[in-house]
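Below is one structure, written out as C-alpha cells, with a few remarks after it.
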Amino acid sequence: MAYGFGIVGTGLIGGFHARAIGMVEGARFVGATDLRADALEKFAGQHGGKAFPALSDMLKDPDVDVVIIGTPSGAHLEPALEAIEAGRHVIIEKPIEVTLERCDRIIEAAARKGVRTGGIFQSRTLPGSQALKKAVEEGRFGRLTVGDAYVKWYRTQQYYDSIPWRGTMKMDGGGALMNQAIHAIDLLQWLMGPVAEVAAFKGILGHERIEVEDTAVAALQFANGAMGVIEGSTAIHPGFLKRIEISGTKGSAVLEEEAIKTWAFVDAKPEDDDIRQRLGAAGSSGGGAADPAAIDVRPHAAQIRNFVEALDGKAPLLVDAAEGRKAVEIILAIYESAEKRKAVKLGAR
C-alpha cells in the first residue's frame, strides 16, 4: 500500500519533504496546511496536493496516514499531539521540540495511542555516516578516545531579520546549536555513545537583535570515558562543511559533510580502499553551510523510506522520537553549563 502524507508548515523545509515524499515508493503526498493561506495555496499548487485550511481538516481526510511537522521548532508539540490523538503516525523535523518536557509529552502520547513517531536527522542516512557507524560497531577504532563535531557555518543578519520568530528562544529554542549544529551533535552521540557531562561557553558574536547564541563551544565527557568537543556557529564567514572526527586507540575517521576525508585503521581491511575512493568525494549541495536551502533532498527521502519500511515491519525505525530527544538533551545541557558557568551532568536534569 501507499501511505498518504500530510505536511504541517509550508516553509522551506516543507518543500523538501514534499519533494522527498515523491521520491519514495509506498508514499504519496496528499496535502498540506499552513496558517498563511496564500503560502498554502501556492505550496499545494506547486506540489500537487490539497490545501487544508487547518490541521483539523487534514486529520478528517482518511487518505492521510502520516503527518509531517515542519512548523517552527518551538511549535512542534501542539500539532504533533493533535495528529497523534487522531491516530496518525508523525514525523517531526529537528529538533523534536525545544524542551525535554515537550519532547516527553510527544513520546508519551504516541506510546499511549500506539502510533509511530519519527524525528528527522537525515545525516544518519548518508553512506559515509553509515560506514562510520559500522566501523564503530565492529570495534575497528579500538577504545574510543576522542569524538568531535564542528559546525562553522554562516548566516547573514538578513537571515534572522527576515522572519519575526527566528532567533527567539520561544520559537527557535536556541541558536547555532539547536537549529544548525544539531545534526552534527546527533551524529556525534550516535557514533560515540551517550554524553555524560559538558562544560561550555556561548555568546552572540556576529549578529544583532537575536536572543539565541550564534556561537558556542563545549567540552564533552562521554559515558564510555572518551572526551570530545562541539563547536557550533553561524557567525563564521564564508561557512564550512560540518565535520565529524572519531578517534580511538586503533583508528581514526573524519567525515566532512558526506565525504570521508580520513579513514585509517591499525587493522586494515580489503574494503578500506573502496571506502576511501567511493566515499571520499564531496557532494555538490554545500550542506547548508552558508545557504539553508543548499541541502540534498535525497537524505530526507531516505528517512521517509525508512519510516514507510518501519510501518510495514520491514526495517527498524532509524530515528524515533526518543532518539531525536538525545541531541536536544545535550544541547540544553550545554546551554545550562554556559549560563551557570559550571559543568553539567546529563540525565540528572
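A few points about this structure:
- Residues that are of a type in the set (Lys, Arg) and at negative phi, drawn from the range 197-221: LYS202
- Taking the listed residues GLY239, GLY225, GLY193, GLY248, the one that is over 17 Å from TYR160 (Cα atoms) and surrounded by 17 or more Cβ atoms within 10 Å (Cβ to Cβ) is GLY248, with no other qualifying.
- Boolean, ALA216 is touching a Gly at 6+ places or on another chain (Cβ under 7 Å), surrounded by 16 or more Cβ atoms within 10 Å (Cβ to Cβ) and farther than 23 Å from ASP296 by Cβ: yes
- Residue list for the range 316-345, filter: among the small types (Gly, Ala, Ser) and under 20 Å from the mean Cα position of the chain (by Cα): ALA321, ALA322, GLY324, ALA327, ALA333
- Lone qualifier among ARG112, ARG102 - being of a type in the set (D, E, K, R) and surrounded by 19 or more Cβ atoms within 10 Å (Cβ to Cβ): ARG102
- Residue check, ASP65 buried (at least 18 other Cβ atoms within 10 Å of the Cβ), within 22 Å of MET1 (Cα to Cα), in contact with a strand residue (DSSP E or B) (Cβ under 8 Å, 6 or more places away or on another chain) and not aromatic (Phe, Trp, Tyr): yes
- Contact map, the range 323-345: residues that are of a type outside the set (D, E, K, R) paired with residues that are exposed (fewer than 15 other Cβ atoms within 10 Å of the Cβ) and at pLDDT below 95, Cβ distance under 6 Å, separation 6+ or inter-chain. No pairs are found.
- Residues in the range 20-54 that are among the basic types (Lys, Arg) and either crowded, with 16+ Cβ neighbours inside 10 Å or not in a helix (DSSP H, G or I) (or both): ARG28, ARG36, LYS50.
The values are calculated or read from the model by the stated rules, or taken from the named source; none is laboratory data. Owing to the predicted nature of the structure, the values given are computational and were not obtained by experimental measurement. We place every Cβ from the backbone using ideal geometry, glycine too, and count neighbours over all the protein chains shown.
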